[in-house]
1. Give all pairs with beta carbons closer than 7 Å in which a residue from segment 53-71 that is under 12 Å from HIS30 (Cβ atoms) meets a residue that is in a helix (DSSP H, G or I) and not aromatic (Phe, Trp, Tyr); count only pairs at least 6 apart in sequence or on separate chains.
2. Which ranges mark the helices (runs of 4 or more DSSP H) fully within the chain that have 1 or more residues being modelled with pLDDT of 65 or more and under 13 Å from the mean Cα position of the chain (by Cα)?
Amino acid sequence: MRLLADWRPEEIERWLPDRSLAVSVIVGAHDPRITAEAADRLAEHLRAPLRRVPDGGHVLPEQMPDLVASEIAAVFDATESTEPTKPIVDRRD
């Protein structure tokens, strides 16, 4: 819960597993805690797509659960395709 309560993008990397995984960054445009610049840096660092939700705030899973579920499903769908797709983070580098 600390990660959600006091989120700092530079700390995210230590929470990631030491294996490849598909990722996507989704952020609310009206999030008072996570700046657009922080979301951009995180997405760039992870080489992940970024989706900025125009009407979203800080707690997107509660505010827009269907949208968040769709985003998660899209990441899973992308990893099930036959061709490798971005985003993939490989922490073994």
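1. Close Cβ pairs (under 7 Å, with a partner that is in a helix (DSSP H, G or I) and not aromatic (Phe, Trp, Tyr)) amount to VAL53/LEU60; VAL53/LEU67; GLY56/GLN63; GLY57/GLN63; LEU60/VAL68.
2. It comes to 36-46, 60-63, 65-80.
The values are calculated or read from the model by the stated rules, or taken from the named source; none is laboratory data. Treat the numbers as computed from the prediction; the structure is a model and nothing was measured. Counting neighbours? That spans all protein chains shown, and the Cβs are built from the backbone with ideal geometry, glycine included.
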